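The values are calculated or read from the model by the stated rules, or taken from the named source; none is laboratory data. Not measured: the values here are computed from a predicted model. Cβ atoms come from the backbone with ideal geometry, glycine included; neighbour counts cover every protein chain shown. Note: areas computed on protein heavy atoms with side chains; ligands, DNA, RNA excluded. Shrake-Rupley method; radii C 1.70, N 1.55, O 1.52, S 1.80 Å.
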Amino acid sequence: MPMPKTWWRETAETVLWALALALVLRTFVIQAFWIPSTSMVPTLEISDRVLVAKFWYYLPKVSPKRGQIVVFKYPQDTRKDYVKRIIGLPGDTVEMRNGIVYVNGKELFEDYVKNTDDYTMPMITVPEKSYFCLGDNRPNSQDGRFWGFVPHKYLRGPAVVRYWPLNRIGIPK
């Protein structure tokens, strides 16, 4: 008859399994991110926390959509993560005239942008497997206007829910 495990061995095994599961979930499934800047105000405020579905773009027939809020590795320093909104998809043309965004020649309706500027940007074409992203708070956003495109491989995933602060819990739109 086998000897029963001691309480400390049971506890150690439980803690190790919990840590392994947490590591797998954080690496491949879902991760929490903290919003450090005003670039997405009013959609996301400083110190908001969001959960990002890291597995999302690996699902069959699921690809990034225009208007989706995503977390990605900053193209100029991949050690940093940025959160912005996808404006241009692969193959799209994007331009800005006096702060108004045009995608494929048509004005983009952006009811989430409350703070505008008069920025003008000549027409660009989004390369294959890349995205053009902008912050919602245009006057205070370091975004694709200044550093270009986000390669698909740098996408971490869409921000699926804001879980902090408690009075702002919900799906960021």
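For residues that are of a type in the set (G, A, S) and touching a residue at least 60 places away in the same chain (Cβ under 8 Å), scanning just segment 47-86, find the one that is farthest from F149 (Cα to Cα).
S47
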Q) If you go through segment 81-137 one residue at a time, how many are within 19 Å of Y154 (Cα to Cα) and among the hydrophobic types (A, V, I, L, M, F, W, C)? A) 8
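Quick one: is K153 assigned to a loop (DSSP other than H, G, I, E, B), open to solvent by 80 Å² or more (accessible area, probe 1.4 Å) and out of contact with any helix residue (DSSP H, G or I) (no Cβ under 6 Å at 6 or more places or on another chain)?
no
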Q. Is there any pair with a first residue in segment 1-28 that is closer than 21 Å to A53 by Cβ and part of a helix (DSSP H, G or I) and a second that is modelled with pLDDT of 75 or more and of a type in the set (F, W, Y) whose Cβ atoms are under 9 Å apart and which are 6 or more apart or on different chains, and what are they?
A. F28/F55; F28/Y58
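Listed here are the residues, each with its yes/no results for (1) aliphatic (A, V, I, L, M); (2) touching a strand residue (DSSP E or B) at 6+ places or on another chain (Cβ under 9 Å); (3) surrounded by fewer than 16 Cβ atoms within 10 Å (Cβ to Cβ).
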| residue | (1), (2), (3) |
| --- | --- |
| L59 | yes, no, yes |
| P64 | no, yes, no |
| K84 | no, yes, no |
| I87 | yes, yes, no |
| V103 | yes, yes, no |
| D111 | no, no, yes |
| K114 | no, yes, yes |
Q) In the set Y112, Y119, Y131, which member is part of a loop (DSSP other than H, G, I, E, B) and in contact (Cβ under 8 Å) with a residue 40 or more places away in the chain? A) Y112
**Q.** So V161, is it of a type in the set (A, V, I, L, M), open to solvent by 20 Å² or more (accessible area, probe 1.4 Å), under 27 Å from V62 (Cα atoms) and not in a loop (DSSP other than H, G, I, E, B)
**A.** yes
